[in-house]
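The values are calculated or read from the model by the stated rules, or taken from the named source; none is laboratory data. Values in this document were obtained by computation on a predicted structure and should not be read as measured data. Don't worry about glycine lacking a Cβ; one is built from the backbone with ideal geometry, like all the others, and counts go over all protein chains shown.
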Amino acid sequence: MVSWNSIVAVCAINGMPDEAFNCFDMMRVNGFFPDEATMVSLLQACENFPLGRSVEALHGVIFTCGLDGNVTIVTTLLNLYSKLGRLNDSGKVFLEISKPDKVAWTAMLAGYAMHGRGKEAIEFFERVVKEEGMEPDHVTFTHLLSACSHSGLVMEGKYYFKIMSDVYKVQPRLDHYSCMADLLGRCGLLDDAHELIKNMPFEPNSGVWGALLGACRVHRNIDLGKEAAENLIALDPSDPRNYIMLSNMYSAAGLWSDASKVRTLMKAKVLTRNPGCSFIEHGNKIHRFVVDDYTHPD
């Protein structure tokens, strides 16, 4: 059994989900039944490439093997359903946990945030805090503010950003300021976002300036966008994404000459963009597509 689990684990760690599941099938054919270690490895194999059918199959095996009482395993299953966008299934799994801990609560909240379900995230937060007695921490508020950001809930985001320290004694960190800058920027409140960044008790990082630059591109605030880009480039002059975002902002505003200058600067610095990559599920397998890749001629 140890040998089988070791092979499954190696496949999972090295990003080979198909091989991990093939080994799992061979293991059962040879009369070995999965245990906790097996399921942890298989769930790990699905982390980066979650397959709908594979996750459903694991769900069945977990309950058949009596591992549904293992909060760690079930929470990971919940997270996989969330990554697939199947939040109803995530909710069902959460309700099946007899004694959910903070990790399970946070995983459910992260699912809502991931898919821009701000209203549901707030309702869930209020319920688990007031009815279940959960004590929110900085991770909890990161997901909650992210959910508000991806849903355009400005007033709600401001409210929770304020009470996290006033009521729950959780001091805002850089991640929380980044979420707020993103929220304000997405809603076109660029001056408010800029003011927030200037008054931060931390040195702004690339996430904060990147959020502002992205918002400036959408809302075509060239002056503020240029300032954000300059700060981004100062933080990491070798990251081509910073130059590309600035060039795209100029292009969106019709400033073709400025966009061309940025592209020329990229060439002078020998900065190239990594090729785009996407994944699709077909025939219960993950297929990977890269720009200028001809391994999938059909």
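Within the range 60-68, not a single residue is loosely packed, with under 14 Cβ neighbours inside 10 Å, out of contact with any strand residue (DSSP E or B) (no Cβ under 9 Å at 6 or more places or on another chain) and over 22 Å from Pro100 (Cα atoms). Set side by side, the residues Phe24, Phe63 differ, and just one is on the phi < 0 side of the Ramachandran plot and modelled with pLDDT under 75, which is Phe24.
Filtering the range 88-104 to residues that are surrounded by fewer than 19 Cβ atoms within 10 Å (Cβ to Cβ) and in a helix (DSSP H, G or I) leaves Asn88, Gly91, Lys92, Leu95, Glu96, Lys102, Val103. When restricted to residues that are in a helix (DSSP H, G or I) and touching a helix residue (DSSP H, G or I) at 6+ places or on another chain (Cβ under 8 Å), the range 131-157 contains 17. Of the set (1) modelled with pLDDT of 90 or more; (2) outside any helix (DSSP H, G or I); (3) touching a His at 6+ places or on another chain (Cβ under 8 Å), all apply to Gly116 but (1). Among the residues of the range 2-21, those that are surrounded by 14 or more Cβ atoms within 10 Å (Cβ to Cβ) and farther than 22 Å from Val74 by Cβ comprise Trp4, Ile7, Val10, Cys11, Met16, Asp18, Glu19. Could you tell me whether Ala107 is in contact with a helix residue (DSSP H, G or I) (Cβ under 6 Å, 6 or more places away or on another chain), closer than 30 Å to Asn22 by Cβ and assigned to a helix (DSSP H, G or I)? Here the answer is yes, as Ala107 does meet what is asked. Every residue in the range 33-56 that is over 18 Å from Thr72 (Cα atoms), modelled with pLDDT of 70 or more and in a loop (DSSP other than H, G, I, E, B), please. Hit for the range 33-56 is Phe33, nothing else. Here Thr76 clears all of (1) in contact with a helix residue (DSSP H, G or I) (Cβ under 8 Å, 6 or more places away or on another chain); (2) in a helix (DSSP H, G or I); (3) over 19 Å from Glu36 (Cα atoms); (4) of a type outside the set (D, E, K, R) except the condition numbered (3).
Does the range 22-34 hold any residues that are crowded, with 21+ Cβ neighbours inside 10 Å and within 14 Å of Ala57 (Cα to Cα), and which are they? Steps first, answer last, please.
Step one: filter the range 22-34 for residues crowded, with 21+ Cβ neighbours inside 10 Å, giving 23-24, 34.
Scanning the range 22-34 gives Phe24, Pro34.
Listed conditions (1) at pLDDT below 80; (2) part of a helix (DSSP H, G or I) are all met by Asp68, apart from (2). Only one of Ser278, Ser247, Ser238 is at pLDDT 65 or above, small (Gly, Ala, Ser) and either within 30 Å of Lys83 (Cβ to Cβ) or in a helix (DSSP H, G or I) (or both); which? The conditions single out Ser247.
Among residues of the range 199-227 being in a helix (DSSP H, G or I) and charged (D, E, K, R), the one that is surrounded by the most Cβ atoms within 10 Å (Cβ to Cβ) is Arg217. Please go through the range 146-198 and pick out each residue that is more than 24 Å from Glu135 (Cβ to Cβ), touching a residue at least 12 places away in the same chain (Cβ under 8 Å), surrounded by fewer than 24 Cβ atoms within 10 Å (Cβ to Cβ) and not charged (D, E, K, R). Of everything in the range 146-198, those that are more than 24 Å from Glu135 (Cβ to Cβ), touching a residue at least 12 places away in the same chain (Cβ under 8 Å), surrounded by fewer than 24 Cβ atoms within 10 Å (Cβ to Cβ) and not charged (D, E, K, R) turn out to be His150, Ser151, Gly152, Val154, Cys187, Gly188, Leu189, Leu190, His194, Leu196, Ile197. If you go through the range 238-270 and keep only what is exposed (fewer than 15 other Cβ atoms within 10 Å of the Cβ) and among the aromatic types (Phe, Trp, Tyr), you end up with just Trp256. Per the listing Asn79, Asn70, Asn30, the residue uniquely in contact with a Gly (Cβ under 8 Å, 6 or more places away or on another chain) and not hydroxyl-bearing (Ser, Thr, Tyr) is Asn79.
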